[in-house]
Amino acid sequence: MFPFLLVFLLSFSWKTNASTQPVEQFLHCLSLRSGNSSITKLVYTRHNSSYSSVLNSSAQNFRFITPSSPTPLAIITPLRPSHVQATVYCCRKHGLQLRTRSGGHDFEGLSYSATSCNVPFVVIDLANLRSVRVDVEKAAAWVESGATIGELYYEIARKSATLAFPAGIGHTIGIGGHLSGGGYGSIFRKYGLAADNVIDSRLIDVRGRILDRKSMGEDLFWAIRGGGGGSFGIVLAWKLKLVPVPANLTACSVTKTLEQNATELVHRWQSIGHILPKEVHMSFAISRANSSVDGTMTVQASFGSVFLGNINELIPLMEEKFPELGLSKQDCFEMSWAESILYSALFTTGLPLETLLNRTQVSPLSKLFFKAKSDFVKRPGTRIRRIVAQVLRGRYFDPKYRKYFDPK
Ligand SMILES: Cc1cc2nc3c(=O)[nH]c(=O)nc-3n(C[C@H](O)[C@H](O)[C@H](O)COP(=O)(O)OP(=O)(O)OC[C@H]3O[C@@H](n4cnc5c(N)ncnc54)[C@H](O)[C@@H]3O)c2cc1C
């Protein structure tokens, strides 16, 4: 696996003098390689009036689309696998780095930016390769990488009320990057990560070959499911195992401020969240809020949960396991699994399922300047008090960008 990774990275960057190569040579190569000139209509260079809007279309983080951000020499928007093969070939031939973009949610903008302005690169944007085929009988689906998880969820829900796929909450996330990195959401305690439920895939390797699970071998198949997008090749499509869910499940949300013992509740959650039955997923988000006391600021913890069962089963369970939270029927709603995705992301009920098809952000995490990273703690209580204190002081945000979060 590691030699393969090295070959891939080196192959895309070995001609360091590529900045002297005119983009025209790359474009010429593309049209020759794709067999006809049709691919040129799918290419956007800096001279094209749509270049910026295509580049920014799914760039989710404003940090990487400032006037000084490095921009690609060209953006390719393939309609067919052969267009992807041609792009891989021509990037290698002309020493250009290749960035693959599915949904553009990369926390460091790796799918549409570069670390330096001296790195000539091309973006291949898979947004046009986004078909979803659901086979209810076999509880399986083939989904192309350029689909969002919302598009996948919508298609599953359209075909079956009792099948689901265990992936993330943010429905605008791209399948390509999400499955490459793992992917967790509200039913992962029961069914594992999105990547755990991939049963086959179609990958284009550095030589432009299209490989499936059998021809790529189990090592590479293992690596592309969690090893990080962009490291091993371009995944065109994934075959997924769908999982059973009740036609109605329960989603709840309850918010507590510091004055209502939020810190203690978060501590308590750390001790019991992982030992609750696997049908329950409970998470929390902490944020600043106006306090009811003197109009000062406070911190609130919003506990969201999804339970694969009904309200009447959940309430006694929570009264037994987590009575301090005081979860009541009024905090909960019964709904379908697909509706619970929208509820978990947007904390509102009654939205049409078509909201899942919206490829641009509709959540409070709308396109923003932001810095995000994931952390995994092994022991309870390690840093919660410090984080709460930092949120209260507004220090959790990079001062450079704070104005975008908190204009006051
Ligand atoms: C608002 C928001 C909400 C989120 N919610 C969740 C969540 O609920 N659960 C969760 O687990 N994560 C979540 N994430 C993290 C998200 O899963 C990752 O950032 C993921 O990598 C995004 O995939 P993408 O296709 O949208 O991103 P992209 O930026 O397109 O790609 C991410 C990386 O994968 C590479 N890549 C993309 N497509 C391919 C491909 N077809 N083949 C090979 N490499 C590829 C890119 O080059 C890049 O390195 C969230 C992120 C954001 C910004």
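For the reader, a short list of remarks on this structure follows.
- For the chain: accessible area per residue (Å², 1.4 Å): 49
- Residue-span extension gain [Lys329 to Ser291] - 0.36 nm each, minus C-alpha spacing: 11.2 nm
- Its relative contact order, with pairs defined as Cα atoms under 8 Å and 6+ residues apart, puts the chain at 15 percent.
- The length gained by stretching the chain between Thr263 and Ser116 to full extension, at 0.36 nm per residue less their Cα-Cα distance, is 48.7 nm.
- Given Lys41/Lys214; Lys93/Lys373; Lys321/Lys371; Lys41/Lys239; Lys138/Lys329; Lys159/Lys214, the pairs whose alpha carbons are separated by over 32 Å: Lys41/Lys214; Lys93/Lys373; Lys321/Lys371; Lys138/Lys329
- Cysteines without a disulfide-compatible partner [the chain; Cβ-Cβ under 4.7 Å]: Cys91, Cys117
- The heavy atoms of Thr100 present about 50 square angstrom of accessible area, all protein chains included, probe 1.4 Å.
- You can think of it this way: the chain between Lys241 and Phe347 has 35.4 nm of extra reach, that is 0.36 nm per residue less the Cα-Cα gap.
- The label-point distance for Val136 and Ala389, in a model that sets each label 7 Å from Cα toward Cβ, rounds to 5.6 nm.
- Rel. contact order, % - alpha carbon contacts under 8 angstrom, at least six apart, the stretch 132-244: 32
- Using C-alpha pairs under 8 Å with a sequence gap of at least 6, the mean separation divided by the residue count of the stretch 230-345 gives a relative contact order of 38 percent.
- Prolate/oblate/rounded call for the chain, Cα gyration tensor, a/c under 1.5 rounded: prolate
- With a Förster radius of 41 Å applied to the beta-carbon distance between Glu319 and Ser68, the computed FRET efficiency rounds to 0.15.
- Ordered from highest to lowest accessible area with the whole protein assembly present and a 1.4 Å probe, Thr77, Thr296 read as Thr296, Thr77.
- Ligands, DNA and RNA left out, the 1.4 Å accessible surface of the stretch 132-244 is 49% carbon and sulfur atoms.
- For the stretch 136-217, the square roots a ≥ b ≥ c of the C-alpha gyration tensor eigenvalues yield an a/c of 1.5 or more together with a/b exceeding b/c, which makes the shape prolate.
- Val245 - accessible surface, heavy atoms, 1.4 Å probe, Å² rounded to 10: 10
- When nucleic acids and ligands are ignored and a 1.4 Å probe is applied, Phe369 ends up with an accessible area of around 40 Å².
- Comparing Cα centroids, the stretch 116-137 and the stretch 325-345 end up 32 angstrom apart.
- Helical runs assigned H by DSSP (4 residues or longer) give the chain a calculated mean residue ellipticity at 222 nm of -8000 deg cm²/dmol, each run adding -39500 (n - 2.57) before division by the residue total.
The values are calculated or read from the model by the stated rules, or taken from the named source; none is laboratory data. The structure displayed is predicted, hence computed values, not measured ones. Cβ: placed from backbone, ideal geometry, glycine included. Neighbour counts: every protein chain shown. Only protein heavy atoms, including side chains, enter the accessible area calculation; ligands, DNA and RNA are left aside. Shrake-Rupley method; radii C 1.70, N 1.55, O 1.52, S 1.80 Å.
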